[in-house]
């Protein structure tokens, strides 16, 4: 499902996939020469909340979840990153510990770019500086929108909104339909609810003809109705 800039869901989509891809060729060549590619198996930690960054990360292929841990150890998933996105850079720019953790949702290939090399290019490239500033501003606005929405919406509304947000992260360009593949624990942690409540609401959505499920897979089949339930207009 495409989400143009004036689409009601656009304000909930975190994006960083154009930061590197939109750089001048010389900048891309420099970054690629500094990248160290690593394979992360599903479930492997990329970095942990509270640790200090030694560089940033570029997701070559795969998906990762970023989350914060509560005092009781429960996760709150902030976002899902997918192919082409960079992550971990706010901590590098602020020279502070990572505010969250990142874990591979599936087998992924992730490139590590050392902090010194990234900051060197940032100091020399006006294009990169401009893109990062724009992306940080966008990120701040999206997180504000999500916080406000999740604070005021019911769990049913939050689940509908979460599924609509996740479609963008799981879409396959080769297929017209998108399967959201998340464990029920992860989806509950994204929505901010108990697994039992999530399962009950998914059953209701299925009975209402809004979604189809197959194992972990969830496919939204009535976007218009889901938008109404999410109450994002």
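Throughout, read-outs are computed from the coordinates displayed, never taken from laboratory work. These numbers come from a predicted model, not from an experiment. Ideal geometry is used to build each Cβ from the backbone, glycine not excepted, and the neighbour counts take in all protein chains shown.
Let's test this: bin the Cα-Cα distances of the chain at 10 Å from zero up to the farthest pair and state each bin's percent.
Whole-percent P(r) values from 0 Å outward: 7, 31, 36, 20, 6, 0.
So the label point goes 7 Å from the Cα of residue 33 along Cα→C-beta, right? Which residues of the stretch 122-165 then have their backbone N under 17 Å from it?
From the stretch 122-165, the list is 122-125.
Take the alpha carbon atoms of the stretch 54-128, find their radius of gyration, then divide it by 2.2 N^0.38 Å using N residues; give the quotient.
1.19
With the contact rule set at Cα under 8 Å and sequence spacing of 6 or more, what percent relative contact order holds for the chain?
Relative CO of the chain lands at 22 percent.
What number results when the radius of gyration of the stretch 10-148, computed over Cα atoms, is divided by 2.2 N^0.38 Å?
The value comes to 1.02.
Quickly rank 159-165, 88-94 as a protection proxy: mean count of other C-beta atoms within 10 Å, highest first.
So the order, starting with the most tightly packed, is 159-165, 88-94.
Can you figure out the FRET efficiency of residue 51 with residue 219, using R₀ = 41 Å and their beta-carbon distance, to the nearest 0.05?
According to the calculation, E is roughly 0.65.
Average projected area of the Cα convex hull of the stretch 98-225, in nm²?
10.3
Per residue of the chain, what 222 nm ellipticity follows from adding -39500 (n - 2.57) for every DSSP H run with n ≥ 4, rounded to the nearest 500?
-13000 deg cm²/dmol
What number results when the radius of gyration of the stretch 84-146, computed over Cα atoms, is divided by 2.2 N^0.38 Å?
1.23
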